[in-house]
Amino acid sequence: MKPTRIELPAIQNWSCHGCSDCCRGQLLITLSPEEQQRLKQQQWTAADGVDPATIMVKAGKGFRLGHQEDGACVFLDPAGRCRIHAKFGEAAKPLACRLYPLVIHPAGRKLVTGLRFSCPSAVANRGQALSEQGREVQKLAALVVPANYNEGSPPPVAAGPPGEWPDFLRFVQWLDTTLAVADAPVALKLMRALHWLRAVEQGGFDQIGGAGADEILGALVQSATRNLATLPQPPEPPSGFGRLFLRMMVVEHARTTTVKDLASPGRYRLQMLWASLRFGLAGSRTPALRPGLKRVRFADIEQPFGPLPAGAEAMLTRFFRVKIQSLHFCGSAFHGRPLIAGFQNLALLFPVIVWLSRWLAVSAGRAEFTEADVAIAIAMVDYHHGYSADLRARVRLLSQRDDIAKLCAWYGG
Ligand code: SF4
């Protein structure tokens with residue numbers, strides 16, 4: 001592929017710090033036929049610390065990388081380094097390993113990029129500015145993006161047909177502008193975005209384009225800012241359905257699916273069914289779902305926790321802005337959803353993250369959460385984002401009842 005225009009989020013830093021978190025059993029690396037061939041040619045033996053019989057495992061119609069007893073990738077050495085990387089160099093690794101946590105999406109004549117915040121370095125904003133890594137990203141893009149990437153249409157904005165990329169990207173730009181405001185809590189910024197997107201839907205503005213569109217969208221954003229100057233105090237409680245839906249989303253995003261779970265699918269399904277039932281009923285205590293998320297009282301999580309720590313506000317704002325800038329919430333990156341429906345789903349991640357942060361805090365015996373709790377919760381949530389179940393009908397119902405904004409306000413401060 002010839003060099004193409006790539007946009008990298010200026011607000012995000014990232015470098016691999018070798019934590020090997022991504023190689024320890026949560027990610028399943030599917031292998032292309034070429035990668036299978038390359039691994040065979042590398043001629044791994046027991047002397048390298050790798051049992052050749054366990055390198056590849058049948059997965060559906062293809063193969064994936066095998067894992068060690070403790071769930072780590074078959075190529076991870078005891079010091080936490082990749083044996084393929086050490087012996088043959090970075091380019092010899094499977095493509096999924098080389099790409100993670102980077103995401104690359106077509107946006108008309110350009111590509112937009114972002115990160116999965118399931119990587120601890122991404123959520124902590126550690127490392128080199130992503131905007132300085134264009135050359136490396138360009139090389140990876142050439143491997144994963146089809147040559148005709150610029151021929152596709154953008155996702156629709158609402159229920160109508162898709163328009164042109166420049167008009168679609170105007171909506172994305174205004175979403176980012178809404179989230180970029182410095183002196184407002186992230187819950188309020190999400191509420192404002194939901195507010196003006198609703199006006200777009202109700203006013204039939206989803207098809208607007210050309211020079212006049214910015215004027216209309218700018219006016220809608222200003223109106224949302226005027227109408228929602230501060231977080232409502234006291235916030236209006238979300239409906240019973242809204243709270244139930246939120247708890248279901250929490251279970252969905254708190255779960256881990258390791259190779260051990262895949263080895264006993266019946267036991268795993270039963271465990272998740274039991275957890276969903278407990279969350280649906282919201283009886284006295286949560287089940288323990290993973291290390292750090294212990295069996296605690298629902299009431300202790302639902303009590304007021306006060307505002308988010310300032311660092312967590314900044315982290316969440318960066319998370320939502322990177323998702324928006326990289327289109328990691330709609331279209332091919334998110335179940336083919338239109339921009340508005342995809343953003344509604346994205347906004348719902350805010351109460352899920354806060355709920356998980358509270359659960360982490362209560363599990364650790366605290367009645368207030370820290371920036372570190374929020375970082376862990378964001379990582380959990382973004383591990384599933386886009387892979388979790390497509391709940392479009394239920395999200396639509398929540399939006400019709402204004403429950404998404406109410407949940408943001410309720411858990412926002
Ligand atoms: S092949 Fe290397 S980089 Fe990929 S998961 Fe295994 S140890 Fe990690």
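Working only within the stretch 54-100, note down all residues that are more than 12 Å from the ligand (Cβ to nearest atom) and either buried (at least 18 other Cβ atoms within 10 Å of the Cβ) or acidic (Asp, Glu) (or both). PHE63, GLU69, ASP70 - these are the residues of the stretch 54-100 that are more than 12 Å from the ligand (Cβ to nearest atom) and either buried (at least 18 other Cβ atoms within 10 Å of the Cβ) or acidic (Asp, Glu) (or both).
Evaluated against (1) crowded, with 19+ Cβ neighbours inside 10 Å; (2) outside the structural domain of LEU217 (by TED's automatic domain parsing), GLN138 falls short on exactly one condition, (1). Residues in the stretch 101-134 that are surrounded by fewer than 21 Cβ atoms within 10 Å (Cβ to Cβ) and assigned to a helix (DSSP H, G or I): PRO120, SER121, SER131, GLU132, GLY134.
Filtering the stretch 11-26 to residues that are touching a Pro at 6+ places or on another chain (Cβ under 8 Å), surrounded by 14 or more Cβ atoms within 10 Å (Cβ to Cβ) and at pLDDT below 95 leaves ASP21, CYS22. Checking the structure you have, find out if any residue of the stretch 319-338 is surrounded by fewer than 17 Cβ atoms within 10 Å (Cβ to Cβ), within 18 Å of CYS119 (Cβ to Cβ) and either at pLDDT 90 or above or assigned by TED's automatic domain parsing to the domain that holds ARG243 (or both). No; the residues of the stretch 319-338 include none that is surrounded by fewer than 17 Cβ atoms within 10 Å (Cβ to Cβ), within 18 Å of CYS119 (Cβ to Cβ) and either at pLDDT 90 or above or assigned by TED's automatic domain parsing to the domain that holds ARG243 (or both).
Residue by residue, here is whether (1) at pLDDT 95 or above; (2) among the small types (Gly, Ala, Ser); (3) over 30 Å from ALA180 (Cα atoms) holds:
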{"site": "PRO9", "(1), (2), (3)": "no, no, no"}
{"site": "LEU28", "(1), (2), (3)": "no, no, yes"}
{"site": "GLN36", "(1), (2), (3)": "yes, no, yes"}
{"site": "ALA46", "(1), (2), (3)": "no, yes, yes"}
{"site": "ALA53", "(1), (2), (3)": "no, yes, yes"}
{"site": "GLY66", "(1), (2), (3)": "no, yes, yes"}
{"site": "ASP70", "(1), (2), (3)": "no, no, yes"}
{"site": "VAL112", "(1), (2), (3)": "yes, no, no"}
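Considering each residue of the stretch 159-169 in turn, none proves to be free of Cβ contacts under 8 Å to residues at least 60 places away in the same chain and closer than 30 Å to PRO309 by Cβ. On the given criteria, is ARG358 over 14 Å from PHE241 (Cα atoms) and among the basic types (Lys, Arg)? For ARG358, the condition - over 14 Å from PHE241 (Cα atoms) and among the basic types (Lys, Arg) - is met. Within the set VAL157, VAL172, VAL145, the sole residue that is of a type in the set (Val, Ile, Thr) and surrounded by fewer than 19 Cβ atoms within 10 Å (Cβ to Cβ) turns out to be VAL145.
Here the stretch 142-158 is the region considered, the condition is being modelled with pLDDT under 95 and either outside any loop (DSSP other than H, G, I, E, B) or in contact with an Asp or Glu (Cβ under 8 Å, 6 or more places away or on another chain) (or both), and the residue that is farthest from THR370 (Cα to Cα) is GLU151. Tally up the residues in the stretch 335-366 that are over 19 Å from VAL250 (Cβ atoms) and touching a residue at least 12 places away in the same chain (Cβ under 8 Å), please. Matching residues across the stretch 335-366 total 9. Among residues of the stretch 273-295 that are in a helix (DSSP H, G or I), those with a beta-carbon under 7 Å from a residue that is crowded, with 18+ Cβ neighbours inside 10 Å and of a type in the set (Val, Ile, Thr) at least six positions away or on a different chain give the pairs ALA275/VAL251; SER276/VAL251; ARG278/THR286; PHE279/VAL250; PHE279/VAL251.
If the condition is being assigned to a helix (DSSP H, G or I) and without any contact (Cβ under 8 Å) to a residue 24 or more places away in the chain, then the stretch 60-90 contributes HIS85, ALA86, GLU90.
The residue that is nearest to TYR100 (Cα to Cα), among those in the stretch 22-53 that are within 11 Å of the ligand (Cβ to nearest atom) and charged (D, E, K, R), is ARG24. Pairs are defined by a Cβ separation below 6 Å, a sequence spacing of at least 6 or placement on different chains, a first member in the stretch 11-32 that is under 22 Å from LYS323 (Cα atoms), and a second member that is near the ligand (Cβ under 9 Å from one of its atoms) and not in a strand (DSSP E or B); the pairs so defined are CYS22/TYR100.
The values are calculated or read from the model by the stated rules, or taken from the named source; none is laboratory data. What you see is a predicted model; the values in this text were computed from it and never measured. With ideal geometry, Cβ positions are generated from the backbone for all residues, glycine too; neighbour counts draw on all protein chains shown.
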